[in-house]
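To keep things clear, I will list the structure first and then write my remarks on it.
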Amino acid sequence: MSLVLSIANQKGGVGKTTTAINLASSLSYLGKKVLLIDLDYQANATTCMGINRGSFKASVFDCLTEEASLPEAILHTDSPNIDVLPARTVVEGIEEKIILNTNRDFILHTQLQAVRKNYDYVLIDCPPSLGFVTINAMVASDGIIIPVQCEFLAMDGLTQLLNTIRVVQSKKKVNMETLTIFGVLLTMLDTRSNSGFQVVNEVKTYFGEKVFQTIIPRNVSCSNATFYGVPVTEFSPKSKSSLGYRLLAKEVITRHDEA
Ligand SMILES: Nc1ncnc2c1ncn2[C@@H]1O[C@H](COP(=O)(O)OP(=O)(O)O)[C@@H](O)[C@H]1O
Ligand SMILES: [Mg+2]
């Protein structure tokens, strides 16, 4: 059975996109077939998967306005195991169009049914907000991965995120479906400072077993990879952050198999 996971946290810069592209890449190395959905207007995941923003006709936002279907918009990448549903940066009038749709929270969920069987994992890179785009991602998902940056005020805003997850859980319950917190991922840990480890403890106390054992260290190769627009697992395969994401992929597969 395929597993649909949203990578969500309304805070910007916590490592959502980095996690989405590197988890996609690492799962593909383990032989898993992955669909990466870029739901962020900034289209960073699209660019990092080597897709030129001018090279495609339909984006995920055309699917949300029902002007395109997922099979039309999905692109193949250089990696035979990864497909991408790309995002576009300028999306005018999309909110007005979607607001009129009486089934607006379920658009992505409905469209995904036609293709999810083609993949082992569908990963959704969410925007830094809790608006209807993120709601669409969560409704379409079986689980959420919450990246938490190991920095001051890491837990800030998590209550709001958890409240939104609860709202979506009740929406899905009507259809006899569930949404779990699949895992909380600690990102960008500076292993030289105590404060980072304090955040690790704080998050583990709050989320317990939900926290992935793998912690992604802060590592310059990771930001350099973003600069060159590639996953760090390809840019610098032996770097600490790349190894972290490879371990995370194994942990994700184990959690999925045990569920
Ligand atoms: N482990 C890491 N080490 C160093 N820099 C990182 C790491 N993870 C992410 N970054 C950098 O942090 C910035 C924000 O990450 P990003 O994944 O874009 O966050 P979000 O999608 O949540 O806004 C990017 O410039 C990225 O390169
Ligand atoms: Mg992002």
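Here are the numbers for the structure shown:
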read-out	value
Estimated translational D of the stretch 42-98 in µm²/s (Stokes, Kirkwood radius over Cα pairs; 37 °C; 0.692 mPa s)	280 µm²/s
Integer Hz, Karplus 6.51/-1.76/1.60 couplings in order for the stretch 15-24, x for Gly and Pro	x, 4, 5, 4, 5, 4, 6, 7, 6, 4
In Hz, Karplus ³J(HN,Hα) per residue of the stretch 143-149 (6.51, -1.76, 1.60; θ = phi - 60°; x = Gly, Pro)	x, 10, 9, 9, x, 10, 7
Label-point separation, residue 181 to residue 213 (7 Å along Cα→Cβ), nm	2.1 nm
Other-chain or far-sequence residues with amide H under 5 Å of residue 4's (modelled H)	122, 142, 143
Cα-based reach from residue 11 at 12 Å (exclusive), listing aspartates and glutamates while leaving out same-chain residues under 8 positions away	156
Nonlocal amide H pairs with residue 37, under 5 Å, H built at 1.01 Å	85, 123, 124, 125
Semi-axes of the equivalent ellipsoid for the chain, Cα gyration tensor, largest first, Å	27, 21, 17
Diffusion constant of the stretch 178-259 at 4 °C, which comes from Stokes-Einstein with the Kirkwood Cα-pair radius and 1.567 mPa s, µm²/s	94 µm²/s
Estimated FRET transfer efficiency when R0 is 45 angstrom, pair residue 152-residue 247 (beta carbons, to 0.05)	0.95
Of 211, 148, 167, the one that fluctuates the most in a GNM where the chain has Cα springs shorter than 10 Å	167
Phi to ³J(HN,Hα) by Karplus 6.51 cos²θ - 1.76 cosθ + 1.60 over the stretch 116-131, Hz, x for Gly, Pro	4, 5, 7, 10, 7, 9, 10, 10, 10, 7, 8, x, x, 7, 10, x
Inter-centroid distance (Cα atoms) of the stretch 222-259 relative to the stretch 106-151, Å	19 Å
Linear extension gain, residue 129 paired with residue 205, 0.36 nm per residue minus alpha-carbon span	24.8 nm
Carbon + sulfur, % of accessible area of the stretch 3-258 - ligands and nucleic acids excluded, 1.4 Å	52 percent
Percent antiparallel among DSSP beta bridges (both partners in the chain, rounded to 5)	5 percent
Neighbour cut-off at most 16 other Cβ (10 Å), DSSP loop, chymotrypsin sites (Phe, Trp or Tyr not before Pro), the stretch 147-238	152
Solvent-accessible heavy-atom area per residue, rounded to whole Å², over the chain at 1.4 Å	46 Å²
Model label zone, residue 166; criterion: amide N under 18 Å from point 7 Å along Cα-to-beta-carbon; scope the stretch 184-220	206-208
Using a Förster distance of 30 Å, the FRET efficiency for residue 90-residue 33 (Cβ separation, nearest 0.05)	0.45
Förster radius 22 Å - calculated FRET efficiency between residue 55 and residue 227 (Cβ-Cβ, nearest 0.05)	0.60
Cut-off 14 Å between beta-carbons: net charge of the residues surrounding residue 12, Lys and Arg +1, Asp and Glu -1	-2
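The values are calculated or read from the model by the stated rules, or taken from the named source; none is laboratory data. Quick caveat: nothing in here was measured; it's all calculated off a predicted structure. Glycine gets a Cβ as well: all are built from the backbone with ideal geometry, and neighbour counts include every protein chain shown. Ligands, DNA and RNA are excluded from the accessible area calculation, which covers all protein heavy atoms including side chains. Shrake-Rupley method; radii C 1.70, N 1.55, O 1.52, S 1.80 Å.
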